[in-house]
Amino acid sequence: MKIALVYDALYPFMKGGAEKRYHEMGTRLAARHEVHFVSWEHWRGSPPKENGNLFYHGVGRPLPFYDRNGKRRIAEAVGFASHLLKAFPRERFDVIDCSSIPYFPAYACRLISLARGIPLVVTWHEFWGDYWLGYLGWRGHLARAVELAATGLGDMGVAVSQFTADRVARQGLKNRPIEVIPNGIEYGLIRSIPPNGEESDVIYMGRLIGHKNVSTLLEAVRLLANESPRLRCLIVGDGPERESLARYSSVLGLDGNVAFLGFIPDQRDMFALMKRSKVFVFPSTREGFGRSVVEAQACGLPAVVVRAPDSASPTLIRSGDNGLVCDNDARSLATALAHLLEDQPLRQQMAEAAQAEAARYDWSNVVERIEGVYQQAIGRRNGNGLSPKIV
């Protein structure tokens, strides 16, 4: 197959779950297929070169992604969509896979798909629905309508979790088949890395942005530190809220308990550090999947996540078996963390269950399934009678 992967944010120039997903899928698919990344021209000079079956196409120089409040800029999404219409590669692709977010590029890909007769797969990393109303106020009604209409764009859809697939099916236009293909991890690599770095009791890894809810984690650590003054919590990651969270940590008197380590560029170092901790915590309130939870499980860490209506992370946890799910408040989070920190046999039992669960998400399994979806999308467009699963 000749595959086009379309997303405005491109790994390793930008870091995130969707960026990592496309990168890992693309590099692995390129072992058997011809893969083309279509994105902004994030690089300087010639496009990156990785192997003979992997190609990069830049449709223009990138526009700023975020406004001063750390929110995605609509102008960037519209700009990328317009550049796609003008500069999409003149290749004869067998299938196009475009990210649903930030929506407008998916509309552009639909027009390209229809004009050139190329099957389109739209990948849903999240589905916000009514969440838009609280996020953007009155403008959220427009965003919600754009998202709703986007559910009807592809020949097929892919959702990264059953949680997201159910939301698309329940709130969307319901006229497109959608397969659940989760984000993956490098399970063998993670298991092979020895522990290294600073020891900690609790570790968080992720973006430092509002919905990741790190302020609630800091408040929980304050409660724990009252009983365990030597408690150590590491916060790994970067984002627009890093400085304000560091200030808040100081206000709470946690300078001796909490360390902000910033972004760790080498994932081997990240996994080695994770293995030096006892518990992984992920208080995010909005997730389409929660890849860092699965990575922590592969490292042998039980995870504590919060229960939230817009987060798929709790679906990765069998609470009491391979981790804990708690209410979204500092007291509940502190209680769950204390429960694991104080019970080493329980922690070890959960760690073993977590590692066994994480093996399901190895990238080799994910890529095999996405190949099948692409073939089904081609079959639907060609009218050969293939009938994919409908949620």
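Nothing in this text is a laboratory measurement; each read-out follows from the coordinates by a stated rule. All of these numbers come straight from a predicted model, not from anything done at the bench. Cβ placement follows ideal geometry from the backbone for every residue including glycine, while neighbour counts extend to all protein chains displayed.
Overview of values
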read-out	value
Karplus 3J(HN,Hα) series, Hz, for segment 39-47 with 6.51 cos²θ - 1.76 cosθ + 1.60 (x for Gly, Pro)	8, 5, 7, 6, 8, 9, x, 6, x
Three-way shape label, segment 187-359, alpha-carbon gyration tensor, a/c 1.5	rounded
Candidates GLY79, GLY300, GLY157, ranked by Gaussian network fluctuation over the chain, Cα under 10 Å, top entry	GLY79
Rounded Å value of the spacing that divides the Cα centres of segment 269-311 and segment 184-257	11
Net +/- balance of residues flanking VAL258 in space, Cβ distance below 13 Å, scoring K and R +1, D and E -1	+1
Rounded to 10°, Cα long-axis angle of helix 344-358 versus longest principal axis of the chain	10
Amide H partners (placed H, <5 Å) of ASN328, local residues excluded	ARG307
Centroid-to-centroid separation of segment 29-46 and segment 60-126 [C-alpha atoms, Å]	15
Computed E for ASN69/ASN382 - FRET, C-beta separation, R0 51 angstrom, nearest 0.05	0.65
Of GLY323, GLY52, GLY197, the one that fluctuates the most in a GNM where the chain has Cα springs shorter than 10 Å	GLY52
Cysteines without a disulfide-compatible neighbour (Cβ-Cβ under 4.7 Å), the chain	CYS233, CYS299, CYS326
Under 5 Å, built H, 5+ apart or other chain: amide partners of TYR7	VAL38
Size of charge dipole - segment 187-359 - debye, nearest 20, with Cβ of Lys, Arg +1 and Asp, Glu -1, no other charges	120
Chain lengthening between GLN344 and ASN51 when straightened (0.36 nm per residue, less Cα-Cα)	100.9 nm
Contact order normalised by residue count of segment 187-359, Cα under 8 Å, 6+ apart, percent	25
Folded to 0 to 90 degrees: helix 330-341 orientation relative to the chain principal axis, Cα	80
Length-normalised contact order for segment 34-162 - Cα pairs under 8 Å, 6+ apart - percent	18
Lys/Arg +1, Asp/Glu -1 at C-beta; segment 187-359 dipole; positive extreme among HIS211, SER292, LEU324	SER292
Highest-fluctuation residue, GLN162, GLN344, GLN355 considered, GNM on the chain with Cα pairs under 10 Å	GLN344
Computed over the chain: relative contact order in percent, which uses C-alpha pairs under 8 Å that are six or more apart	14
Proximal charge balance of ARG381 [Cβ under 15 Å; K/R count +1, D/E count -1]	+3
Amide H contacts of PHE55 (H built 1.01 Å from N, under 5 Å, at least 5 apart or other chain)	VAL35, HIS36, PHE37
